[in-house]
Structures are given as C-alpha cells and as structure tokens.
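Quick note: the coordinates plus some simple rules give every number you see, no bench work behind them. Values in this document were obtained by computation on a predicted structure and should not be read as measured data. Virtual Cβ from ideal backbone geometry, glycine too; neighbours counted across all protein chains shown.
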Amino acid sequence: MNSLSLARLMRRSTGPVAILCLVLLWWHYGLLRVPVGMDTLPDSHPPRTVCLIDKRPSRLQPGAVVFVSLPDGSVLLSRVAEALADGSVRIRHDNRDSRFRRLERLGPFAAAAVRGLVLTQFTPGS
C-alpha cells in the first residue's frame, strides 16, 4: 500500500472512528447536576454542582461519592459507607441533619440503583 492510498484510507475512516469514540464515551461517562435542595454532602458538593460521572463503575470503595436512584425516580447524592460482595452499597451522608437521613436506614442499595460514581465536579461560580 502506498502513502497516497494510506492517506485516503485515514481520511475516510476518521469520521466513523470519531463517532464511535464519542458513542463509547457517552455510554461510559455522563454529567449529572446536584439537585437544588440536596443537603447530603453540602460542603463538598453544593446544589447545582455539575458532576462528571462514571456510569459503569467496576468497583466502589467506601468514601466514594455516588448518585443513587430512589424508588420514586429521584436521584440522591451520597457517600459509600460500605461496598458489599454482591455489588450493593450502603450509604451515609456527611450532613447529620440532612432531610434524607432516613434513607440511610433503608439498607443496602442494589448495584443497579447506582447511577454513577462522581469522578470530578464543577462547582457554580468556580
């Protein structure tokens, strides 16, 4: 294969490869905003903070910040207190006066309820 043929092949494949990479990134990562009124981690993740999340975390460690889906369809930002062998997690909140305090007592959340592991955050005004 000569260099001209290789250059044509590279030009033709760049678009599809870029689209494939974007789809894979969208499938694995995402953005979630901390809802207004969420007071579970107020010092580190205030309301309206935009978080880059890993939608498919392979292993959750105690202390990791996660978004968890609640049965009513809403989303809760919390911290992993304990990761169990079956992939489920127990949560805890930094704010002891949180209005979501009772949710810690629900028991472990299934692995499927974890919407994403927070990788980094973008706080409003920073």
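In this label model, TYR29 and VAL50 are separated by 1.3 nm, measuring between points 7 Å along each Cα→Cβ vector. Projecting the Cα atoms of HIS45, PRO57, TRP26 onto the dipole axis of segment 1-105, where Lys and Arg carry +1 and Asp and Glu carry -1 at the beta carbon, places TRP26 farthest toward the positive end. Using the rule -39500 (n - 2.57) for each DSSP H run of four or more residues, divided by the residues of the chain, the 222 nm mean residue ellipticity is -7500 deg cm²/dmol. Taking every pair of alpha-carbon atoms in the chain, give the share separated by more than 26 Å as a whole percent. Here the tail beyond 26 Å accounts for 33 percent of pairs. Volume per residue for segment 77-126 equals 102 cubic angstrom (convex hull of Cα atoms). Charge tally around PRO124: other residues with Cβ under 14 Å, Lys/Arg +1 each, Asp/Glu -1 each, net +2.
Computed about the Cα centre, the dipole magnitude for segment 57-118 is approximately 140 debye when only Lys and Arg (+1) and Asp and Glu (-1) carry charge, each at its Cβ. Percent of Cα pairs in segment 42-115 per distance bin of 10 Å, from zero to the largest separation: 18, 58, 23, 1.
Comparing Cα centroids, segment 1-20 and segment 76-98 end up 47 angstrom apart.
In this Cβ point-charge picture (+1 for Lys and Arg, -1 for Asp and Glu), segment 1-111 has a dipole of about 380 debye about its Cα centre.
The mean sequence distance of close C-alpha pairs (under 8 Å, at least 6 residues apart), as a share of the length of the chain, puts its relative contact order at 26 percent.
A Förster radius of 41 Å combined with the Cβ-Cβ distance from ALA110 to ALA18 puts the calculated FRET efficiency at roughly 0.70.
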